[in-house]
Every structure is written in structure tokens, then in C-alpha cells.
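Asker: Got a structure here, written out as C-alpha cells. Questions coming.
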Amino acid sequence: MNWYHRKMPRLQYNPEVFSDIIEYAQQGPWERGLDKNTMEWNVRELVLDFEEFPILDELLQGLNTEFKRKHAYLSWVQPGGLLNHIDHSKWGNFALPLLGDFSSTPQYYFDQFNHPVEKFTIDCPVIFNTRMTHAVPVSNDDLSPRWALMIGIHDWVDNLFNKIDQHEIWTDTKNFKYEYI
């Protein structure tokens with residue numbers, strides 16, 4: 001049972017809709033990730049402007065959830081990975097792999113005793129809880145880029161999981177279609 005994440009391999013879209021974002025990222029001003037206390041994280045981030053990339057609004061529309069503020073960025077976890085942490089600025093993320101092989105960089109969830117309780121890779125679109133302790137190990141030798149599009153979710157992620165089960169996401173979007181069984 002997946003308690004903290006929900007993969008969505010049946011979300012259908014043409015990857016070309018993200019070509020402008022990838023092009024921007026290849027030249028973009030990547031920055032070190034910072035937490036709310038301005039402590040640096042071992043991740044590079046590239047904030048995306050919704051006016052410059054209208055496909056982001058379509059993703060928000062398709063997710064059919066609450067967004068207190070629109071926030072989308074590309075995330076690239078650096079060699080060494082991200083240590084156990086909880087995100088305090090949001091309840092979850094919608095993540096979509098854009099570039100690279102994520103098979104060697106799973107994300108783990110941990111219980112209060114620091115034992116892994118769940119694991120997944122971003123090899124397809126996924127919604128995951130960021131209020132539970134999680135980490136992303138990356139080998140120090142792994143220098144290859146892995147860019148994931150992240151959209152911050154400000155609603156309890158179980159509400160989105162229920163919307164997936166009730167067929168209430170991506171019901172009226174141009175470039176995305178969720179194939180319900």
C-alpha cells in the first residue's frame with residue numbers, strides 16, 4: 001500500500017509540450033535550494049513563470065485542487081542527495097520527470113524511528129506528501145542531470161488521491177488526459 005505517494009502512469013500527454021521549459025532550463029539561472037530559514041539544500045532549483053509557460057496553468061487546472069499560490073519549479077537533486085526532511089511550505093508536490101534517468105534516485109519515507117516505510121521513483125507523474133519525513137539519496141559519483149517539474153500542493157494530498165479514485169482530475173484539459181480504467 002502506498003500511503004504517501006500516488007504514481008500516475010496513465011496520465012497521457014505529448015512530452016513536447018514541455019520543450020520550452022527544457023530549453024529554458026538548459027540556459028536558465030539554476031539556484032541552490034533554500035529552506036524557509038535560508039539554509040541551503042543539496043538541490044538546484046529553477047523557478048518557472050506561469051505567464052511564460054502557460055502549460056503550467058493547464059496542469060493546475062487538471063489537478064483540480066487548492067493552490068494558495070502558484071508555485072512551479074524544476075528540481076535537480078545534486079550528488080550526495082537530500083537528507084531526511086519535511087517541507088513546511090506546502091502539503092505535497094505534483095512531480096513530472098522531464099529529463100534524465102530517475103531509476104537510481106528513489107525517494108524514501110521514514111517513520112519516527114528513521115526506518116524506511118515507503119519508496120518510489122519519479123519515473124512517471126506522481127503526487128507525493130511532503131509533510132512526512134522523506135529523503136532522496138543520490139550517489140556522489142552520479143553527475144547526470146535529472147530534472148523534475150514540481151508544483152507545490154497546498155491541500156492534503158489524500159484529497160487528491162481521492163479525486164484520482166473518483167475520476168475528478170484531468171477531465172477537461174487540452175494537452176493532458178488521464179486514462180481511467
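The values are calculated or read from the model by the stated rules, or taken from the named source; none is laboratory data. Predicted model, so just to flag it, every value in this text is computed and none were measured. Reconstructed Cβ throughout: ideal geometry from the backbone, glycine too, with neighbour counts over all protein chains shown.
Asker: I'd like the full set of residues that are touching a residue at least 60 places away in the same chain (Cβ under 8 Å), under 22 Å from ASN64 (Cα atoms) and aliphatic (A, V, I, L, M), limited to the range 75-95.
Answerer: Within the range 75-95, none qualify.
Asker: Could you say whether any residue in the range 158-171 is surrounded by fewer than 20 Cβ atoms within 10 Å (Cβ to Cβ) and in contact with a His (Cβ under 8 Å, 6 or more places away or on another chain)?
Answerer: No, the conditions are met nowhere in the range 158-171.
Asker: Further question on the same structure: Show me the strands (runs of 3 or more DSSP E) found entirely inside the range 75-181 where at least 2 residues are within 20 Å of ALA25 (Cα to Cα).
Answerer: In the range 75-181, the matching strands (runs of 3 or more DSSP E) lie at 92-99, 147-153.
Asker: Ok, one more. Taking the condition modelled with pLDDT of 90 or more and of a type in the set (Gly, Ala, Ser), does GLY62 pass?
Answerer: Here the answer is yes, as GLY62 does meet what is asked.
Asker: Give the residues of the range 107-146 that are surrounded by fewer than 13 Cβ atoms within 10 Å (Cβ to Cβ) and hydrophobic (A, V, I, L, M, F, W, C), sorted by residue number.
Answerer: PHE113, LEU143, listed by residue number.
Asker: Taking the criterion of being of a type in the set (Asp, Glu) and under 16 Å from VAL43 (Cβ atoms), would at least one residue in the range 147-169 satisfy it?
Answerer: Looking through the range 147-169, none of the residues is of a type in the set (Asp, Glu) and under 16 Å from VAL43 (Cβ atoms).
Asker: If you don't mind, there's one more thing I want to ask. Looking only at the range 130-143, filter to residues that are touching a Ser or Thr at 6+ places or on another chain (Cβ under 9 Å) and of a type in the set (Ser, Thr, Tyr); which one of those is modelled with the highest pLDDT?
Answerer: Out of the qualifying residues, it is THR130.
Conditions tested, residue by residue: (1) at pLDDT 90 or above; (2) aromatic (Phe, Trp, Tyr).
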residue	(1), (2)
THR38	no, no
VAL43	yes, no
PHE50	yes, yes
ARG69	no, no
TYR73	yes, yes
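Asker: Do we find that ASP155 is over 18 Å from the mean Cα position of the chain (by Cα) and closer than 29 Å to PRO54 by Cβ in this structure?
Answerer: For ASP155, the condition - over 18 Å from the mean Cα position of the chain (by Cα) and closer than 29 Å to PRO54 by Cβ - is not met.
Asker: If you don't mind, there's one more thing I want to ask. Which residue, of LEU59, LEU82, is within 26 Å of LYS174 (Cα to Cα) and surrounded by 15 or more Cβ atoms within 10 Å (Cβ to Cβ)?
Answerer: Just a single option satisfies the conditions, and that option is LEU59.
Asker: Tell me, which residue of the range 1-11 that is surrounded by 12 or more Cβ atoms within 10 Å (Cβ to Cβ) and more than 16 Å from the chain's Cα centre (by Cα) is nearest to ILE153 (Cα to Cα)?
Answerer: TRP3
Asker: I'd like to know if the range 70-78 contains one or more residues that are under 14 Å from the mean Cα position of the chain (by Cα) and of a type in the set (S, T, N, Q).
Answerer: yes
Asker: Here are ASN14, ASN37: which of them is loosely packed, with under 10 Cβ neighbours inside 10 Å and free of Cβ contacts under 8 Å to residues at least 24 places away in the same chain?
Answerer: ASN37
Asker: Would you confirm, using the coordinates I've provided, whether SER104 is crowded, with 17+ Cβ neighbours inside 10 Å and of a type in the set (S, T, N, Q)?
Answerer: No.
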